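Enquirer: Let me give you the structure first, and then I'll get to my questions.
The values are calculated or read from the model by the stated rules, or taken from the named source; none is laboratory data. This one's a predicted model, so the numbers in the text were calculated from it and none came from an experiment. Ideal geometry is used to build each Cβ from the backbone, glycine not excepted, and the neighbour counts take in all protein chains shown.
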Amino acid sequence: MKESSDQEVKIKRFVLSIESLQMNLNLYQQFHLVASRQVVQIHTLEINKPYPVLFARWLITQYGSSVLVTLQSEENIDVEIYLPKRYSDVVDDTDIKDINTGRKNYNL
């Protein structure tokens, strides 16, 4: 019985270690992609074209809390979009964590 609980603890530590490595890798990628990002307005995106969401984060703007997402454009230049309030209102911290760790993949 004690052996199984020791194994569970080791497995949990291993999983946490992997999650930490994924978050560090995502942070590393974000720092190195900063130079190739530009903030654009959502209406400049093509309609009916999927843009993969690479990263998401909460920001406080002059209009209140908003979600800034980094999208992969077809030119391999990342663009950042502030989500409209109606979308930011349904996003929670778990969604952002899932996007940033790669557990969930979304297109805008």
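Results for (1) at pLDDT 85 or above; (2) of a type in the set (Lys, Arg), shown as yes or no for each residue.
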{"residue": "GLN7", "(1), (2)": "no, no"}
{"residue": "ARG13", "(1), (2)": "no, yes"}
{"residue": "ALA35", "(1), (2)": "no, no"}
{"residue": "VAL39", "(1), (2)": "no, no"}
{"residue": "ALA56", "(1), (2)": "yes, no"}
{"residue": "SER66", "(1), (2)": "yes, no"}
{"residue": "ILE77", "(1), (2)": "no, no"}
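Enquirer: Further question on the same structure: Among the residues of segment 65-108, write down those that are more than 16 Å from GLN38 (Cβ to Cβ) and in contact with a Pro (Cβ under 8 Å, 6 or more places away or on another chain).
Expert: Result: ASN105, TYR106, ASN107.
Enquirer: State which residue is farthest from GLN41 (Cα to Cα) when the search covers only segment 66-97 and only residues that are in contact (Cβ under 8 Å) with a residue 24 or more places away in the chain and touching a helix residue (DSSP H, G or I) at 6+ places or on another chain (Cβ under 6 Å).
Expert: The extreme case among them is ILE77.
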